[in-house]
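Structure, as structure tokens:
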Amino acid sequence: MARCYAFPEIFAEKTRALGERGRPRDLYDVVNLFRNDERRPAASLVLDVLGKKCRFKDVPLPTVGALVTAEPELRAEWAAMLGHQLHVLPPFDSYWETLPAFFKWLETGVAPSQPGPVPIKVGDNVIRPALGRMGASGMPHAREFETIRSAAANRLCVDLGYLDSVRRIEPYSLRRSSGGALLLMAVRADSGESRTYRMDQIQSVSVTGQVFTPRFAIELAAADLAIRPIVSRFGGDASRSYSAKPAVPRREARQPRPARGVGLTYVFQCGLCGKKFSRQTNDGVLNAHKQPGGLPCSGRTG
């Protein structure tokens with residue numbers, strides 16, 4: 001089992017880090033978390049956790065106005081700190097210009113309007129393979145698809161080699177047709193016309209530095225980003241596939257321990273004092289409690 005922050009905790013922590021230290025990686029992470037509208041938590045929850053973190057650190061709440069003074073340093077360090085970590089570095093301005101919308105959402109809870117998905121034909125289905133699993137499932141051009149997915153996340157156009165020519169596109173969605181073909185739904189960057197490309201006919205993929213403003217919802221994010229529950233020999237998530245290890249011969253076979261119960265137990269850890277709470281439901285709101293040393297703890301999110 002991996003111990004990690006909950007999504008609102010990560011969002012609040014990266015926002016605090018952006019306001020306190022002002023590093024390009026913090027700006028990159030905050031904007032990408034904000035753009036992920038499907039998994040974006042309630043602004044009030046992020047703001048509540050952020051406020052507690054800032055009070056604990058004795059630092060002011062970050063604001064877009066306070067970050068203005070950090071803009072020259074962020075811009076100067078953008079390529080040096082992120083260029084070696086990304087296949088193609090998106091322009092600094094495409095992230096910096098998103099900050100006002102992010103802080104407006106954080107303060108008011110009003111999210112920016114999002115475009116609708118590319119119209120879907122009857123019988124077609126949206127395909128959203130888990131990260132790194134497209135190749136394992138036998139789908140064609142898995143590496144090219146992951147490159148396209150990365151470009152879409154960074155709002156970058158792609159030069160697509162297709163039928164012996166190259167066309168610059170805005171990628172939006174992967175779908176399976178009623179006939180079984182994998183189709184990339186995109187828009188031509190030069191004409192704004194919607195286009196469909198068969199994945200098995202793609203010849204090359206090259207990410208460009210040209211930014212696009214989405215005309216449709218980007219449906220290329222992985223569907224499987226949630227933490228999987230632990231699988232025990234007595235029960236658990238039956239949908240999870242795994243390879244059983246061969247049994248090792250023993251002189252005396254061990255008797256299996258009796259199962260303690262059926263179903264999932266959710267374990268939440270207070271972000272401030274580290275105290276753990278076991279729940280039968282996936283509810284991370286914590287009641288008043290004491291720290292391990294006996295003092296009251298102000299943490300209310302696990």
Legend entry - For the stretch 195-210, 3J(HN,Hα) per residue [Karplus equation, 6.51 cos²θ - 1.76 cosθ + 1.60, θ = phi - 60°, Hz, x = Gly/Pro]: 9, 10, 10, 6, 4, 6, 10, 6, 9, 7, 9, 9, 7, 9, x, 7
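Which trypsin sites (Lys or Arg not before Pro) from the stretch 92-134 combine a DSSP loop assignment with at most 15 other Cβ atoms within 10 Å?
On the way: sites: LYS104, LYS121, ARG133; in loops: LYS121, ARG133.
Of the trypsin sites (Lys or Arg not before Pro), the ones in loops of the stretch 92-134 whose Cβ has at most 15 other Cβ atoms within 10 Å are LYS121, ARG133.
With a Förster radius of 25 Å, plug the Cβ-Cβ distance of LEU163 and CYS4 into 1/(1 + (r/R0)^6) and report the FRET value to the nearest 0.05. Present the calculation step by step, with values, prior to reporting the outcome.
Working: r = 44 Å, r/R0 = 1.76.
Step by step, r from the Cβ atoms, then E = 0.05.
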Legend entry - Cα gyration tensor, the stretch 141-202 - rounded (a/c under 1.5), prolate or oblate: rounded
Legend entry - Cα shape, the stretch 66-132, gyration tensor, a/c 1.5 rule: oblate
Inset, instruction - Find how many whole Å separate the alpha carbon centroid of the stretch 67-87 from the alpha carbon centroid of the stretch 1-35. - result: 16
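For the stretch 94-187, what is the accessible area per residue in Å² when the probe is 1.4 Å? Kindly include the intermediate steps, with their values, before the conclusion.
Numbers: 4380 Å² over 94 residues.
Accessible area per residue, the stretch 94-187: 47 Å².
The values are calculated or read from the model by the stated rules, or taken from the named source; none is laboratory data. Bear in mind that the values here come from a model prediction, so they are computed numbers and not experimental data. Counting neighbours? That spans all protein chains shown, and the Cβs are built from the backbone with ideal geometry, glycine included. Just the protein is used for accessible areas: all its heavy atoms, side chains included, with ligands, DNA and RNA removed. Shrake-Rupley method; radii C 1.70, N 1.55, O 1.52, S 1.80 Å.
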